[in-house]
Amino acid sequence: MKNHKDKHSFFNSLFWKLGATFLVTLLVLSIVYLYISVYTAEMYFQEASQKLNAEIALHIAQENKCFIDGKANEDVLKDVFHNVMIINPSIEVYLLDTEGKILTYFAPNEIIELEYVPLEPIKKFIEVKDGSFIMGVDPKNASIMKGFSASEVYEDHVLRGYIYVILEGEEYENATQLVFGSYMLRLGVRSMGITLIAAAIISLIALAFITRNLRKIVVVIRRFKEGDLSARVNLKGKGEISEFGDSFNEMADTIVKNIDEMKTMDNLRRELVANVSHDLRTPLSTIQGYIETILIKSNTLSEEERKNYMETIFSSTERLKNLVEELFELSKLEARESKPNPEPFSIAELVQDVQQKNLIVAQQKNIELKLDFSYDLPMVYADIGMMEKVLQNLLDNALKFTQEGGKIEIGLSPEKQDILISIKDNGRGISADAIPHIFDRYQKAERTITTENEGLGLGLAIVKMILEVHNIDINVKSNKESGTVFSFKVPIYKSKQSIIKEVEYN
């Protein structure tokens, strides 16, 4: 079954289709060429015959008394016509009046179709003396034009009619068709056979050479389809087929890259599910445990214990809410549903607000949270809510990885068209290998081996995506001993008047 299928597909291949098309085209062209050759040969023979016998009608007219008192001398003419045809059996002789009516004739079978012969070709033949080939109507077959000889016939200097001689009459035509047909048939069959065989061999060899690169590409595509993702087309030279091979290689590389990215994303999503399951289960278990304790010991718990339990439940719900918000925010950013709404605002005031919100957490960990900037900085132009989220996430990251007694510094530095924002901590730094991946989704920077730094690893990914929608790049510098610095630039707000003045100045 497989061999039958392979054989079927082999004969349906491009090679055989092109070969069959070429051979059919060659056969049609050969038939057309043979027909043209036969037609041209026939015209050549008729033209040659007319040139050789152009004056035969003139001799008949001059040497015989064709009319007596305006009437055809039929007795004499029939004898003359008969004698002429005995000497040259290929001709047919007709006597016409001045209107072209056939008065008498001598031809085989004595059967004619026409009573009148058109005089235009006859007059043209008589007038033209340059030997041009002119064809006239055959009285025996009105649909056929043949070479002829013609001459005017006078009686006492009065035009009485015309001698009209068909140079290749019916007998000649029958004989030549028989001989010529047999000869041309043999010649045509022999020449066409040799031509077709030679052309078939040459065309198949040429097509095999032309399509060999296509066959290579088909083999590679089949291998790629069957799962060999490393299969690539390797062709030498230039041209459309080589470009096709290069295009396939680029497409294959893109497909493999997409597959690898999908596998990586799938692994990351699996890791996310595991992290989400763990991080959601922990606060839920805490909430459930304390609520059960309250329900069981509701009559024996003191107000102080009840308050502590409720605070623990509240902190767990806050943590659960933050986890859900991070997931929701990241999903919106990935789907490009969150778009920035830029407006002018004071970056100094925003940084100070974020610092105030985190002072208690920093004091609890005995971490110094320091600001380093001047309060007369120009306003910046960005989405204030998104910038606050960026600062909060970066500060959370710094607080998380800075040890007790450490220091965190938020700096603002004006530049020509931007404000440089930096968040520096002296905690444990990030390894050089880990820096390129710290903004990846669901990744955690391994800056500490303690278990208290829990989370999904989405904070920095959210930072990166918020800055990307603002067309802002973020830079990271880190040292294992001295800590880490995150920095990015926010554009300074320019009013319409300041923009107009700047353009005028330039």
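For segment 74-169, compute the number of Lys pairs whose alpha carbons are separated by less than 20 Å, excluding pairs fewer than 8 positions apart on the same chain.
9
Just to make sure I understand: if all protein chains stay in place, what is the order of E415, E409 by accessible area at 1.4 Å, largest first?
Sorted descending by solvent-accessible area, the residues read E415, E409.
Using each residue's phi in segment 398-405, evaluate 6.51 cos²θ - 1.76 cosθ + 1.60 at θ = phi - 60° and report the 3J(HN,Hα) Karplus result to the nearest Hz, with x for Gly and Pro.
Working through the residues one at a time gives 5, 4, 5, 10, 9, 6, 4, x Hz.
Which net charge results when you count Lys and Arg as +1 and Asp and Glu as -1 among the other residues whose beta-carbon is under 15 Å from that of V76?
That sum, taken over residues with Cβ under 15 Å, equals -2.
Anything over 30 Å Cα to Cα? Flag those among K297/K389; K257/K464; K339/K494; K370/K464; K238/K263; K389/K477, in the order listed.
Long pairs (Cα-Cα over 30 Å): K297/K389; K238/K263.
What does the charge count near G136 come to, summing +1 for each Lys or Arg and -1 for each Asp or Glu among other residues with Cβ under 10 Å from its Cβ?
Every neighbour counted, the sum reads 0.
Does segment 67-122 come out rounded, prolate or oblate, given a ≥ b ≥ c as the square roots of the eigenvalues of its C-alpha gyration tensor, rounded meaning a/c under 1.5 and, failing that, prolate meaning a/b above b/c?
It comes out oblate by the Cα gyration axes.
Suppose we keep just the alpha-carbon trace of segment 312-370; what are its Rg and Dmax in angstrom?
Cα-based Rg and Dmax for segment 312-370 come out at 15.8, 40 Å.
Using the Cβ atoms and a cut-off under 14 Å, what net charge is assigned to the surroundings of F314, where Lys and Arg are +1 and Asp and Glu are -1?
Net charge in that neighbourhood comes out at +2.
Taking amide hydrogens as modeled 1.01 Å from N in the peptide plane, which residues meet the under 5 Å criterion relative to D383, leaving out close sequence neighbours?
Sorted by chain and number, the residues that satisfy this are N341, E343.
Show me the ranking of peptides 136-143, 29-36, 386-393, 96-103 by mean Cβ neighbours inside 10 Å, starting with the highest.
In descending order of packing, they fall as 386-393, 136-143, 96-103, 29-36.
Shape verdict for segment 277-394, please, from the Cα gyration tensor: rounded (a/c under 1.5), prolate (a/b greater than b/c) or oblate.
Oblate is the answer for segment 277-394, as a/c is 1.5 or above yet b/c matches or exceeds a/b.
Amide H of A54 versus every other amide H placed in the peptide plane: which residues, excluding those fewer than 5 positions away on the same chain, fall under 5 Å?
Those qualifying (amide H under 5 Å, at least 5 residues apart or on another chain) number zero.
Kirkwood hydrodynamic radius (Cα pairs, Å) of segment 235-331?
Roughly 18.1 Å, rounded to one decimal.
Out of residues 5 or more away from G483 or on other chains, whose amide H comes under 5 Å of its own, with H placed 1.01 Å from N in the peptide plane?
Answer set, sorted by chain and number: G429.
The values are calculated or read from the model by the stated rules, or taken from the named source; none is laboratory data. Here the structure is a predicted model, which means the values were calculated and not measured. FYI the Cβ positions are ideal-geometry reconstructions off the backbone, even for glycines, and counts take in every protein chain you see. Areas reflect the complete protein model, heavy atoms only, side chains present, ligands, DNA and RNA absent. Shrake-Rupley method; radii C 1.70, N 1.55, O 1.52, S 1.80 Å.
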